[in-house]
Amino acid sequence: MRKANAAEGARPATTGRVRQLRLKLVVGLLLCVLPGVGVLRLWLGEGTRWPLWAYGIASLLAFVLYWDDKRKARNDAWRIPEKVLHGVELLGGWPGALIAQQAFRHKTRKLSFQVVFWLIVLVHQVFWIDRLFLDATLAHLSFL
């Protein structure tokens, strides 16, 4: 495969390091606080473990899918559809997807993808705010 030169719009070579690592770690950890507290409260208070398993398995799956999609993109192979990536994120894999995006520098520049990704993260945050602080008030609203 021929490499494009700078005049053809090629991206600069990457060093393999995550840029602004400390800031991204802090933001990532802060985003995991609400789901983490919520999952722990469900586990310790009600004995419900499935959300913990769901986040863990979906995050691992998202990480592997991002890795595979990046590998396929480099080899000009058939790609994983974005709706599959977003579906796994929605099922709880957004933390793994967030890590994979940074580790592989994959799907970080495509604005339409990032908008949907961050909306999914927001949905999870709102869900846990509702569950932890509003007694699931939003979950009980009926939309007729």
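Can you run the Rg to Rh ratio on the range 29-136? Use alpha carbon positions and the Kirkwood inverse-distance Rh. Mind showing how you got there, number by number?
Values: Rg = 14.8 Å, Rh = 14.5 Å.
Using Cα coordinates only, the ratio equals 1.02.
Pull out the extension gain between Thr108 and Asp76, defined as 0.36 nm times the separation in residues minus the alpha carbon to alpha carbon distance; nm, one decimal.
9.7 nm
Tally Lys and Arg at +1 and Asp and Glu at -1 over the other residues with C-beta under 13 Å from the C-beta of Thr48: what net charge comes out? Display every interim value, and only then the final one.
Values: positive: Arg41, Arg49, Arg131; negative: Glu46.
That sum, taken over residues with Cβ under 13 Å, equals +2.
For the range 59-69, what does the Karplus curve 6.51 cos²θ - 1.76 cosθ + 1.60, with θ = phi - 60°, yield as ³J(HN,Hα) per residue in whole Hz, taken in order and with x for Gly and Pro?
Once θ is set to phi - 60°, the couplings for the range 59-69 become 5, 5, 4, 4, 4, 5, 5, 5, 4, 5, 5 Hz.
Using only the alpha-carbon atoms, what does the range 63-107 span along each of its principal axes? Please give whole angstrom values in decreasing order.
28, 20, 14
Convert each backbone phi in the range 81-94 into a coupling constant with the Karplus relation 6.51 cos²θ - 1.76 cosθ + 1.60 (shift: θ = phi - 60°), then list the ³J(HN,Hα) values in order as whole Hz, x for Gly and Pro.
x, 4, 5, 5, 4, 5, x, 5, 4, 5, 6, x, x, 4
Whole-Hz ³J(HN,Hα) for each residue in the range 110-125, computed from phi via Karplus 6.51 cos²θ - 1.76 cosθ + 1.60 with θ = phi - 60°, x for glycine and proline: what do you get?
For the range 110-125, the Karplus-derived couplings read 7, 4, 4, 5, 5, 4, 5, 4, 6, 5, 5, 4, 4, 4, 5, 5 Hz, x marking Gly and Pro.
Taking the simple approach of a point 7 Å from Cα along Cα-to-Cβ for both Leu25 and Leu91, what is their distance in nm?
Roughly 3.1 nm, to one decimal.
With an 8 Å Cα cut-off and a minimum separation of 6 or more residues, compute the relative contact order for the range 29-136 in percent.
Numbers: 101 pairs, mean separation 32.9, N = 108.
Relative contact order here is 30 percent.
Can you order the peptides 58-66, 43-51, 124-132 by their average number of other Cβ atoms within 10 Å per residue, highest first?
Peptide ranking by packing, descending: 58-66, 124-132, 43-51.
Setting aside same-chain residues fewer than 8 positions from Lys24, which lysines have a Cα under 28 Å from its Cα?
Lys70, Lys72, Lys83, Lys107, Lys110
The numbers here are math on the coordinates, done by the rules we state, and not lab data. Everything quoted here is computed from the prediction, not taken from an experiment. No Cβ is skipped: glycine too gets one built from the backbone with ideal geometry, and neighbour counts run over all protein chains shown.
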